Each structure stands twice: as C-alpha cells, then as structure tokens.
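Visitor: Dropping a structure here in structure tokens format, bear with me for questions.
The values are calculated or read from the model by the stated rules, or taken from the named source; none is laboratory data. None of the values given here were measured: they were computed from a predicted structure. Cβ: placed from backbone, ideal geometry, glycine included. Neighbour counts: every protein chain shown. Protein only, heavy atoms only, side chains kept; ligands, DNA and RNA dropped before computing areas. Shrake-Rupley method; radii C 1.70, N 1.55, O 1.52, S 1.80 Å.
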Amino acid sequence: MTTETTAEVGAEAASVRPMDLLRFATAGSVDDGKSTLIGRLLYDTRSLFTDQLAAVEAVSAARGDEYTNLALLTDGLRAEREQGITIDVAYRYFATPRRKFIIADTPGHIQYTRNMVTGASTADLALILVDARKGLVEQSRRHAFLCSLLRVPHLVLCVNKMDLVDWSHEVYEKIADEFTAFAAKLDVPDLTVVPVSALHGDNIVSRSEKMPWYEGPSLLHHLERVHIASDRNLVDVRFPVQYVIRPQSTTVTDYRGYAGQVASGVLKPDDEVMVLPSGFTSRIAAVETADGPVPEAFPPMSVTVRLTDEIDISRGDMICRPNNAPAVAQDIEAMVCWMDETRPLQLGGRYVIKHTTRSARAIVRGLHYRLDINSLHRDESAGELKLNEIGRVRFRTMVPLLVDEYRRNRTTGGFVIIDETTNRTVGAGMIVEAG
Amino acid sequence: MTTTAAYQVSHLDALEAESIFVLREVVAEMERPVLLFSGGKDSIVMLWLAQKAFAPANIPFPVLHVDTGHNFPEVLAYRDQRVAELGLQLVVASVPEALANGLVRESADGMRNRIQTPVLLAAVEQHRFDALFGGARRDEEKARAKERVFSFRDEFGQWDPKNQRPELWSLYNGRHQPGESIRAFPLSNWTELDVWHYIARERIEAPSIYYAHEREVIERDGMLYAVNEFIRPRAGEERFKARVRYRTVGDASCTAAVRSDADTVAKVIEEVAATRITERGATRGDDRVSEAAMEDRKREGYF
Ligand SMILES: Nc1nc2c(ncn2[C@@H]2O[C@H](COP(=O)(O)OP(=O)(O)OP(=O)(O)O)[C@@H](O)[C@H]2O)c(=O)[nH]1
Ligand SMILES: [Mg+2]
C-alpha cells in the first residue's frame with residue numbers, strides 16, 4: 001500500500017546515498033574508561049539528546065559525582081548504575097557526514113567476558129582501552145587476544161587517562177611498545193595507537209593541544225576514514241540456504257526460491273553453482289528481492305535465489321561454486337571460547353553446534369591445549385575448559401557441516417555451542433581446520 | 001537496492017538485509033511466531049519487511065494487537081486496513097476484556113502500560129506463541145539498548161538483563177522449553193531517522209497522526225496531550241488549538257503530541273534530524289515514572 005501524496009516528496013528528499021556503516025566495539029579492562037569514551041564521543045559529536053544528557057546529569061548530581069559521569073549514557077541497567085560497572089553490551093548509534101556508526105560498548109569485568117565477545121563478534125573495528133597509569137593488565141591482553149581470535153579486522157589501542165600521567169610521552173611510548181610486541185604474537189592485521197583522555201575529550205573528536213608530541217589523527221578522524229570495504233570476502237561464493245519460499249497460492253504457481261543472506265562472494269544469473277551437501281550442480285535462473293530481480297548479489301544482501309533445475313534443497317544447505325566449495329566435514333578443529341559458568345567443556349561432552357543455518361549434534365573428541373592468555377603458552381595437559389578459557393578442540397558432528405576456516409570466512413567459519421539440557425549458549429568456536 | 005560498482009550497499013539496505021535475515025530465521029526455527037502490530041511506525045516498517053522477506057508468498061504468521069482500549073481512531077482504522085490488504089490473521093489481546101473478566105485491575109493512575117503485560121502474556125499462552133516479533137529499537141531507551149536480537153523470556157515472560165544468552169555473529173539461539181519464549185527484534189539496529197528514511201524510500205503509508213495537523217490539546221508535565229475521551233482538562237489546564245504531530249503511537253491516555261509543521265515525510269525527516277529530544281522523552285508519560293521504568297516493565301514481560 002503506498003500513498004502518492006505525502007510520501008512522494010519524501011522519497012526524493014531522502015534519496016539515501018550509499019553511506020557506509022562501521023560497527024565498532026570497545027574492549028579493555030574494567031574501569032579503563034570504555035563507557036566514558038563512548039559518552040565523550042557521543043557528546044562531542046553532538047549526538048546526544050538534551051533529555052538523555054539531563055537524565056545522566058541528574059543521576060550524577062544526585063550521587064554527588066564531581067562531574068557528569070558520561071559512562072551513565074551506556075550503563076543503563078539498574079545493576080550497572082549501582083555497581084558502577086558495565087555488565088552487558090550497550091548498542092549506541094551515531095552518524096557524521098562521512099559515516100554511520102554502530103557502537104557496542106562492552107564490559108571489562110572478567111565475569112562478563114562472554115558479553116564482550118558478543119559485542120566484538122560483529123565488529124569491523126575494536127577500541128582497546130588501557131589505563132595509562134596501570135599499563136597492560138591481564139584483561140587487556142585477554143581482550144586483545146579475543147579480538148584477534150574473532151578476527152576483528154582493525155584494532156585501535158587507546159592509551160587512556162593521559163591526564164593522570166601528565167600527558168607523558170614516555171608513558172605512552174612504553175605502553176604502545178608493550179602492546180605492539182604482544183600484538184605481534186597475535187594475528188592483528190591493522191593496529192593504530194592513540195593517546196587520549198576520555199574524561200576530558202583529548203584526541204577523541206579533535207586533536208589535543210596537551211600532547212603536541214602526538215602527530216596522528218584524533219580517534220574520530222580515524223574511525224571516519226579507516227578503510228573497511230576490502231574486509232569483505234567477495235571471492236568465495238557462499239550462500240547458506242535459510243528458508244525455502246514456496247507460495248501456496250493460485251496466482252503464483254510452481255515458484256521455488258531459496259532465501260538467505262549472502263555470506264561471501266558474488267552471485268549472478270547464469271552462474272554455475274553447486275549445492276552442498278548433495279553435490280548437485282545447477283545454474284542460477286534469477287536472483288530476486290521483493291522489489292524484483294537484481295543483476296547480482298553480494299554480502300550483506302538478503303535475497304532469494306532460483307535455480308534452473310528442480311533439485312531437493314532445504315534449510316541448512318549451502319550454494320557455492322563447483323570449483324570453490326567449503327569443506328563437507330564431520331571432524332572439526334576449532335579454537336573455542338567457553339562461556340558457561342556452571343559446567344566446563346569436557347572430553348566426551350555432547351552439545352549442539354549451530355553453524356550458519358544448520359545445527360548438528362556434536363561430541364568433543366579432543367582437547368589439544370588450553371591457552372594461557374598472558375604468556376600465550378599452550379597447556380597440553382588440560383582436561384577441560386572452564387568459564388572464559390580458550391583452547392583448541394576437536395569435535396565430531398552427527399551430520400556434516402559445510403565449513404571454511406574462520407580466518408578466511410567469518411560467517412562459514414564460526415559457530416556457537418549450545419547445551420541441549422539448558423538450551424544456553426555455552427561456547428563460541430572458530431574453525432581452524434576441517435577434515 | 002542502491003549499489004555502487006564497489007559492491008557497497010547503503011546503510012539502509014544493510015539494515016533491511018539484516019532485518020529480513022532475522023525475520024526468516026525466526027520463521028525457520030520457531031514453531032508459532034506472531035508479530036506485534038500496533039499501527040505505530042516501527043511495527044508498520046516491521047510488517048513491511050515481513051512482506052518483503054517472504055515474497056512472493058504471504059506473511060507466514062498472524063499479527064497480535066494488544067488493545068489497551070485507549071486508541072487513536074486513525075490508528076485502529078489503519079490497523080484494520082492493513083490487515084485486510086495483506087489477508088492477515090489478527091489476534092486482539094484486549095485490556096478492556098481482561099478488566100471485565102478480572103484478569104487485571106485498573107491501576108491507580110489510570111495508565112494501562114503495566115496492566116497490558118499480563119494481557120499480552122495470557123494471549124501468548126492461549127495461542128501458544130513461542131516467538132514474538134517486536135518493533136523495539138535499541139536507540140529508543142537505555143534498557144532496550146542492552147537487549148539481544150533474540151531475547152529469551154522465561155515461562156513468566158520475564159527478561160533477565162543480568163543473564164542474557166551470548167549472541168555471536170548472526171547465530172541466534174532460539175531454543176526454549178515449552179512455555180518459555182523468544183522476543184525477536186528485527187529493528188534492533190535502526191534509529192528513528194532510519195525508520196523515517198525507509199518510510200520515505202519505500203513510500204509506506206503511515207497513520208495520519210504522524211503528520212502535522214490541528215488538534216485541541218492541553219499542556220501537562222510540559223507535554224501536549226490531545227483532549228479526547230481519555231484525557232480531560234484538569235482544574236487549571238486550558239484547552240487550546242495547536243498544530244501537532246505524534247512521534248510515537250502508544251496508549252492514547254499517556255502518549256503526547258509534539259508541536260510540528262511537518263505534514264510530509266520529507267518534513268518529518270528534517271524535523272527528526274534536527275530534534276534535540278528523544279522520541280520517548282518528548283512523548284511518553286509512562287517512561288517518566290522512574291529512572292528504570294522501562295527495565296522494570298521489561299523484567300515483568302513487557303516488550
Ligand atoms: N581522569 C580520568 N578519568 C577517567 C578517564 N576515563 C575514564 N575515567 C574514569 O574512570 C572510571 C571508570 O570509567 P568507565 O568509563 O566506567 O570504565 P569502563 O572501562 O567502561 O568500565 P567497565 O565497563 O566496567 O569495564 C570513571 O570514574 C571515569 O570517570 C580519563 O580519561 N581520565
Ligand atoms: Mg563500561
């Protein structure tokens with residue numbers, strides 16, 4: 001249903017130009033200033049509404065804070081305000097003329113690491129905050145490691161609270177060096193370091209005069225310009241079938257479309273494709289949306305694919321190319337981050353793995369090692385993974401999964417682990433190898 | 001689709017694709033989904049996306065309206081028109097009926113925000129819905145900003161903000177025991193401005209009260225309330241005519257209008273882009289009750 005009267009003018013005014021979207025997450029130890037930094041970023045870009053600001057000013061004043069605690073802008077839960085810490089991810093939105101941003105402000109407390117992982121899993125970029133007075137602590141290393149494990153493509157180390165170390169160049173250099181050395185042992189494709197004061201706004205939106213020795217851009221300047229277009233995989237065609245559309249209708253007959261979101265690669269009509277796990281091949285007859293056919297589909301488009309042949313395809317199958325296909329595997333090696341406080345991951349443990357649009361029962365066949373976050377030492381004698389521990393695990397699944405290495409494909413390489421007795425999500429896995 | 005040679009989509013297309021993914025995921029994995037449809041702008045957009053997600057097939061689930069009995073007539077008419085056009089099944093969970101049969105009692109302040117929760121939960125139980133699509137957006141309010149796309153609710157419909165399931169990538173865990181349910185929020189990452197840009201782009205008709213019109217109002221707690229059968233001037237309150245529009249559509253007894261000349265989508269977009277007050281702050285009496293009003297309502301099973 002459309003109106004040609006009121007909506008018409010609007011459609012032109014709102015001709016939305018292709019403005020891109022950057023998703024970023026905060027990370028780092030408790031109290032290092034993540035929420036304050038987000039508050040400052042929103043405040044200094046005038047993204048705050050007057051009633052939001054008035055509300056946090058009132059709460060701050062009532063608590064006797066000496067200044068308005070901008071962390072309250074994201075710490076919105078009762079328990080968070082009582083304890084003065086972040087417990088779960090808060091999502092915030094703002095835009096500058098250059099870009100739109102989705103922020104995930106995550107908790108630093110070790111108890112809530114799984115919420116940090118939740119926020120970082122979809123991020124294009126992570127801000128890792130370190131308190132300049134304290135330097136790198138175990139939790140900074142854990143979060144940096146998790147960001148690299150999750151393959152967040154861009155990292156920014158924010159050396160925060162520079163106001164409390166007299167804007168010292170040496171303190172900054174020491175932390176930057178130490179972090180760079182640690183990051184070198186990880187898989188970090190892009191690292192930038194910025195000295196900031198989240199509380200006072202130095203180097204957040206504009207460059208600070210307090211640190212003339214720093215010659216780089218402000219944080220916002222970097223966020224607006226960091227190049228993310230090449231982070232996507234446009235090479236490997238992967239289309240996990242999400243839902244089969246088959247109208248029961250007298251007007252639309254014999255329609256069969258495979259709906260889903262393109263995980264990677266580019267799909268075009270007439271392309272030869274293979275469907276897994278069956279291995280049947282066919283051609284793409286059309287790539288459709290509700291607005292009609294499109295010439296091609298690529299991430300993150302949600303489309304409906306129709307094939308020239310009638311083959312049996314259902315949810316959980318994968319459309320790919322005959323010469324470029326994921327592994328069809330029941331033995332899966334993955335780095336696992338364990339997220340359940342009640343029961344550890346154990347050898348022989350039975351779970352459900354949810355991977356793309358497919359779920360499979362799985363059994364833990366091997367625990368190669370548990371990783372020490374500080375030293376990156378591998379403990380091969382470990383018998384289990386407890387809450388927040390990370391290790392390399394081998395699973396055997398009851399039905400094959402259609403997988404790629406996580407380093408090559410964040411969508412077809414990642415999975416979550418579900419405990420069938422509690423239905424809780426108890427772990428996250430990143431595939432290293434499939435056979 | 002607005003695309004460029006570099007395989008980029010606009011942010012609106014990215015949001016649309018994500019919402020469609022969520023809608024399909026729920027339908028594929030859950031047994032009895034239902035879409036909460038109030039006739040407000042978010043639920044209108046959500047229904048539009050549902051239509052797109054399953055085209056050319058029909059929307060494969062019913063819609064549910066929690067009717068507080070305090071309605072704007074334009075919005076009710078819009079609801080019925082839309083339901084007829086799409087051939088949807090409409091389930092009405094009626095607060096007046098629940099009052100009549102004793103399921104709930106009118107609260108002292110006359111607001112029906114709190115008492116609509118048990119009415120919603122009763123309908124969910126009666127129809128054994130296991131997934132409820134809500135149009136809530138994380139930019140609306142600080143407790144909503146914390147909620148997952150798939151939000152697990154226990155057998156009492158309660159949200160436990162301190163114990164949410166981890167939610168990585170786009171792998172949503174909808175598993176639950178009988179009686180428990182999932183609230184799914186396809187518009188989680190949309191802002192008010194995104195919604196209006198989308199309404200403009202897709203040329204979606206919205207109820208007329210979203211556009212500027214003359215109305216008889218009174219001023220209460222710094223907000224403009226329409227004078228109607230639910231809101232009567234109290235002593236000292238004066239009625240006057242003003243040019244207003246609604247930024248949100250909720251219970252007609254606690255939803256206020258804002259002064260506005262925006263009588264087209266384009267002007268609404270301009271107005272929303274320039275405004276310095278949040279939509280709930282500007283128009284909702286119910287959120288002003290306490291600091292954590294929304295969190296408390298959500299814990300009890302509200303959206
Ligand atoms: N002096 C100074 N204080 C800061 C700065 N940034 C943050 N703080 C203070 O540090 C304390 C903790 O800040 P938060 O922003 O809550 O820290 P956080 O990293 O979000 O903490 P969690 O989310 O609980 O992990 C607050 O009292 C802030 O005011 C800074 O740049 N300088
Ligand atoms: Mg915080």
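Visitor: Given the residues B:112, B:24, B:79, which is the only one that is buried (at least 21 other Cβ atoms within 10 Å of the Cβ), under 15 Å from the mean Cα position of the chain (by Cα) and among the basic types (Lys, Arg)?
Guide: The conditions single out B:79.
Visitor: If the requirement is being modelled with pLDDT under 90, more than 30 Å from residue B:130 (Cα to Cα) and in contact with a Leu (Cβ under 6 Å, 6 or more places away or on another chain), which of these qualifies: B:235, B:256, B:226, B:282?
Guide: B:256
Visitor: Also: Given the condition over 21 Å from residue B:198 (Cα atoms), touching a Leu at 6+ places or on another chain (Cβ under 8 Å) and open to solvent by 10 Å² or more (accessible area, probe 1.4 Å), answer yes or no: does some residue in region B:238-248 qualify?
Guide: Looking for residues that are over 21 Å from residue B:198 (Cα atoms), touching a Leu at 6+ places or on another chain (Cβ under 8 Å) and open to solvent by 10 Å² or more (accessible area, probe 1.4 Å), one finds none in region B:238-248, hence no.
Visitor: Hey, can you tell me all the residues within region B:224-238 that are hydrophobic (A, V, I, L, M, F, W, C) and assigned to a loop (DSSP other than H, G, I, E, B)?
Guide: The answer is B:227, B:230, B:231, B:235.
Visitor: Also, I was wondering about something else. Condition (residue is surrounded by fewer than 17 Cβ atoms within 10 Å (Cβ to Cβ), within 11 Å of chain B (Cβ to nearest Cβ) and either closer than 21 Å to residue A:311 by Cα or not small (Gly, Ala, Ser) (or both)) applied to region A:276-291: is it met by at least one residue?
Guide: yes
Visitor: Right, something else. Given the options A:348, A:316, name the one that is at positive phi and in the same structural domain as residue A:280 (by TED's automatic domain parsing).
Guide: Step by step, each of A:348, A:316 is checked, and only A:316 is at positive phi and in the same structural domain as residue A:280 (by TED's automatic domain parsing).
Visitor: Of everything in region A:245-261 that's touching a residue at least 40 places away in the same chain (Cβ under 8 Å) and more than 9 Å from every other protein chain (Cβ to nearest Cβ), which residue is surrounded by the most Cβ atoms within 10 Å (Cβ to Cβ)?
Guide: A:258
Visitor: Now, a different point. Which of the residues belonging to region A:32-55 are within 13 Å of residue A:74 (Cα to Cα), aliphatic (A, V, I, L, M) and away from ligand 1 (no atom under 13 Å from the Cβ)?
Guide: A:48, A:53, A:55
Visitor: Go through (1) open to solvent by 70 Å² or more (accessible area, probe 1.4 Å); (2) within 16 Å of ligand 2 (Cβ to nearest atom) and name the single condition residue A:230 misses.
Guide: (2)
Visitor: Now a separate question. What residue, of A:132, A:126, is modelled with pLDDT of 95 or more and within 16 Å of ligand 2 (Cβ to nearest atom)?
Guide: Numbers: A:132 fails: within 16 Å of ligand 2 (Cβ to nearest atom).
Criteria check complete, one pass: A:126.
Visitor: Could you please let me know if residue A:121 is more than 12 Å from ligand 1 (Cβ to nearest atom), within 23 Å of residue A:339 (Cα to Cα) and not hydrophobic (A, V, I, L, M, F, W, C)?
Guide: So residue A:121 fits the description; yes.
Visitor: Being open to solvent by less than 10 Å² (accessible area, probe 1.4 Å), more than 8 Å from chain B (Cβ to nearest Cβ), of a type in the set (D, E, K, R) and without any contact (Cβ under 8 Å) to a residue 40 or more places away in the chain is the filter here, so list the residues in region A:65-124 that pass it.
Guide: Hit for region A:65-124 is A:80, nothing else.
Visitor: Which residue out of A:133, A:151, A:142 is of a type outside the set (A, V, I, L, M, F, W, C), at negative phi and crowded, with 18+ Cβ neighbours inside 10 Å?
Guide: A:142
Visitor: Ok, one more. Out of A:78, A:114, A:99, report the one residue that is assigned by TED's automatic domain parsing to the domain that holds residue A:171 and more than 16 Å from ligand 2 (Cβ to nearest atom). Lay out the reasoning, then the answer.
Guide: Values: A:78 fails: more than 16 Å from ligand 2 (Cβ to nearest atom); A:114 fails: more than 16 Å from ligand 2 (Cβ to nearest atom).
Only one candidate passes the filter, namely A:99.
Visitor: Suppose the filter is more than 30 Å from residue A:351 (Cα to Cα) and not in a strand (DSSP E or B); does residue A:254 pass it?
Guide: Criteria met by residue A:254.
Visitor: Also: Conditions first: (1) touching a Leu at 6+ places or on another chain (Cβ under 7 Å); (2) of a type in the set (Lys, Arg); (3) open to solvent by less than 40 Å² (accessible area, probe 1.4 Å). Residue B:298 passes all but one, so which condition is the exception?
Guide: For residue B:298, the exception is condition (1).
Visitor: I need every pair where a residue in region A:406-435 that is more than 7 Å from every other protein chain (Cβ to nearest Cβ) and within 15 Å of residue A:355 (Cβ to Cβ) has its Cβ under 6 Å from the Cβ of a residue that is crowded, with 24+ Cβ neighbours inside 10 Å and among the aromatic types (Phe, Trp, Tyr), sequence separation at least 6 or different chains.
Guide: A:427/A:338; A:429/A:415
Visitor: I'd like the full set of residues that are at the interface with another protein chain (Cβ under 7 Å from one of its Cβ atoms) and modelled with pLDDT of 85 or more, limited to region B:1-17.
Guide: Of everything in region B:1-17, those that are at the interface with another protein chain (Cβ under 7 Å from one of its Cβ atoms) and modelled with pLDDT of 85 or more turn out to be B:7, B:8, B:9, B:10, B:11, B:12, B:14, B:17.
Visitor: Do any residues in region B:42-61 that are within 10 Å of chain A (Cβ to nearest Cβ) and in a helix (DSSP H, G or I) have Cβ atoms under 7 Å from those of residues that are crowded, with 23+ Cβ neighbours inside 10 Å and of a type outside the set (A, V, I, L, M, F, W, C), where the two are at least six apart or on different chains, and which pairs are they?
Guide: B:49/B:16; B:49/B:19; B:49/B:186; B:53/B:24
Visitor: Now a separate question. Kindly list the number of the only condition in (1) part of a loop (DSSP other than H, G, I, E, B); (2) farther than 20 Å from residue B:39 by Cβ; (3) in contact (Cβ under 8 Å) with a residue 12 or more places away in the chain; (4) open to solvent by less than 50 Å² (accessible area, probe 1.4 Å) that fails for residue B:107.
Guide: (3)
Visitor: Take the residues in region A:320-344 that are in a strand (DSSP E or B) and within 14 Å of chain B (Cβ to nearest Cβ); name whichever of them is surrounded by the fewest Cβ atoms within 10 Å (Cβ to Cβ). I'd like the intermediate steps shown before the answer.
Guide: Of the residues in region A:320-344, the ones in a strand (DSSP E or B) are A:320-321, A:324, A:327-338.
Keeping just the survivors that are within 14 Å of chain B (Cβ to nearest Cβ) gives A:334-338.
Numbers: A:334: 26, A:335: 18, A:336: 26, A:337: 26, A:338: 25.
Across region A:320-344, the extreme among qualifying residues is A:335.
Visitor: Looking only at region B:127-154, count every residue that is away from chain A (no Cβ under 13 Å), touching a strand residue (DSSP E or B) at 6+ places or on another chain (Cβ under 9 Å) and open to solvent by 10 Å² or more (accessible area, probe 1.4 Å) and tell me the total. Can you show your working first?
Guide: We begin by selecting, within region B:127-154, every residue away from chain A (no Cβ under 13 Å); these are B:127-129, B:131-135.
Next, from what is left, pick out any that are touching a strand residue (DSSP E or B) at 6+ places or on another chain (Cβ under 9 Å): B:127, B:129, B:131-135.
Imposing the further condition that a residue be open to solvent by 10 Å² or more (accessible area, probe 1.4 Å) reduces the set to B:127, B:129, B:135.
Of the residues in region B:127-154, 3 are away from chain A (no Cβ under 13 Å), touching a strand residue (DSSP E or B) at 6+ places or on another chain (Cβ under 9 Å) and open to solvent by 10 Å² or more (accessible area, probe 1.4 Å).
Visitor: Right, next: Give B:166, B:161 a once-over and let me know the one that is touching a strand residue (DSSP E or B) at 6+ places or on another chain (Cβ under 8 Å) and either within 11 Å of chain A (Cβ to nearest Cβ) or crowded, with 20+ Cβ neighbours inside 10 Å (or both).
Guide: Answer to the selection: B:166.
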